[in-house]
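Have a look at the structure below before the remarks.
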Amino acid sequence: MKKLLFLLAIAIVFSSFNTQATLKGTWEFRGGVYNGKPDGAPKEYKLQRIYTSSTYDAYLLEKGEKTQKYEGGKYLLKGDTCLETQTFSAQPSKLKGVTIHYLYHIQHDTLVLQTTLPNGNVEEDYWKKIK
């Protein structure tokens with residue numbers, strides 16, 4: 001009986017260290033840092049991402065305009081890495097079909113994504129969870 005309780009206690013402790021297995025929800029872009037320079041979120045419109053358990057769709061929302069989907073894809077979380085593959089882009093994109101490796105973490109209600117893009121640009125994005 002003691003052995004069973006001990007194993008149960010260990011399982012509970014280890015399960016508390018599990019990272020979030022999904023980014024499910026709606027996230028709004030709040031700015032970032034690009035090649036070492038801070039860059040705020042646009043004021044004229046909002047950028048949102050809606051994540052399911054394995055995919056994402058990105059939208060541009062501008063007051064008085066129809067919501068526009070500008071990007072979509074799939075993602076996978078592995079440890080502290082978010083692997084994102086763009087499968088749709090409203091504009092020509094060199095990243096379509098390319099898997100980008102982001103270091104990610106969630107700080108309170110903010111998703112932080114950090115990467116070096118294939119073109120060498122260093123990017124850090126901040127997305128606040130709104131739903």
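The values are calculated or read from the model by the stated rules, or taken from the named source; none is laboratory data. Since the model is a prediction, treat every value here as computed from it, not as a measurement. So basically every Cβ, Gly included, is an ideal-geometry build from the backbone, and we count neighbours across all protein chains shown. Heads up: the accessible areas ignore ligands, DNA and RNA and are worked out on the full protein's heavy atoms, side chains in. Shrake-Rupley method; radii C 1.70, N 1.55, O 1.52, S 1.80 Å.
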- prompt: Of all the accessible heavy-atom surface of the range 14-130, with the other protein chains kept in place and a 1.4 Å probe, what percent is carbon and sulfur?
  reply: 52 percent
message: For Val98, what residues show an amide H to amide H distance below 5 Å, using hydrogens built from the backbone and excluding near sequence neighbours?
response: Gln86
task: With 18 Å as the limit, write out which pairs from Lys46/Lys131; Lys66/Lys128; Lys43/Lys63; Lys66/Lys131; Lys46/Lys66 have Cα-Cα distances beyond it, or answer none.
output: Lys66/Lys128; Lys66/Lys131
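Can you tally the net charge around Val122? Count Lys and Arg as +1, Asp and Glu as -1, for every other residue whose Cβ sits under 13 Å from the Cβ of Val122.
Residues near Val122 contribute -3 overall.
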- request: Determine the per residue accessible area of the range 19-115 with all protein chains present and a 1.4 angstrom probe, expressed in square angstrom.
  value: 62 Å²
